[in-house]
Amino acid sequence: MASSGRSGASYILPVTIFFFIAACGQTAVRPLSRIQDTNLPPPARILVCDFTMDEAAVKEYQGILRQQPSENNPAERESQIKRHAADAATGELVKGLRGLGFAVAPVARGTLAGDNELLIDGKFLTVDQGNPLRRLLIGFGSGASKVETRVELYHGIERRKLLDFTTRSDSGKMPGAAATVPASAAVQGGVTASVIASGAIGTGYEAYRTDVAQMARATAEQSVRYLSEYFAKQGWIRADQVKKARIAY
């Protein structure tokens, strides 16, 4: 019996590690519209509005891997999820644009751009924590968490729209434990859904709780990449500063 327990335990660690690997999904940009030739000088400043969640569909995970939340009010928990994701996306966007050499300022919503300023308006469309147990056991996209945003770029006082695109980040489509742990090992080692789930709770849940923020940062990072391509075409940055975005067709 003791050897069986050790054998079962030996599979929990790799499965739990696999859970973290599977959380590393894909993020891509879907272009909607763009003004190709603006004949505009480099912007004096780029204003980044706080990402809004007003229209976002927020889905909080409620399954068996869910720990008892410190906040019992569902509305407040949703508000915390929104703030966490918005802060992560806005911060990453500001940092990335400054890295391209622009003067960048985070601003409150409703702020008007100046005559030679750009304004970036970001909105979350979906924030879904998914189902970590389905991701862990089944995989292949089952129970995936996802974050979707829409980003619009405006110029000047007249708010001329230059660029419009969406982003989508998800937790990936890696296979789950059911496809990666041999059936014989599961039987001999006593590896069951409850054992794997308990291992995930014990070692992985805190990392899982940051999924939404990580995906929000990933969407902002891809947004910066897509913006860098556009800025280079306008002659505002050098070609060697461009980082290619992953485009979804």
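Numbers for the structure displayed
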item	result
Residue in the range 228-248 that is hydroxyl-bearing (Ser, Thr, Tyr) and modelled with pLDDT under 50 present	no
Qualifying positions in the range 107-143 - modelled with pLDDT of 90 or more, buried (at least 22 other Cβ atoms within 10 Å of the Cβ) and not in a strand (DSSP E or B)	Ala113
Condition met for Pro43 (at pLDDT 95 or above and assigned to a loop (DSSP other than H, G, I, E, B))	yes
Checking Glu148 against (1) at pLDDT 95 or above; (2) in contact with a helix residue (DSSP H, G or I) (Cβ under 9 Å, 6 or more places away or on another chain); (3) of a type in the set (Asp, Glu), the condition it does not meet	(1)
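Conditions tested, residue by residue: (1) at pLDDT 85 or above; (2) at positive phi.
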{"site": "Ser3", "(1), (2)": "no, no"}
{"site": "Ser7", "(1), (2)": "no, no"}
{"site": "Phe18", "(1), (2)": "no, no"}
{"site": "Ile21", "(1), (2)": "no, no"}
{"site": "Arg34", "(1), (2)": "yes, no"}
{"site": "Asn39", "(1), (2)": "yes, yes"}
{"site": "Cys49", "(1), (2)": "yes, no"}
{"site": "Gln67", "(1), (2)": "no, no"}
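The values are calculated or read from the model by the stated rules, or taken from the named source; none is laboratory data. Since the structure is predicted, the reported quantities are computational estimates derived from the model, not experimental observations. Quick reminder, even Gly has a Cβ in these numbers, built from the backbone with ideal geometry, and neighbours come from all protein chains shown.
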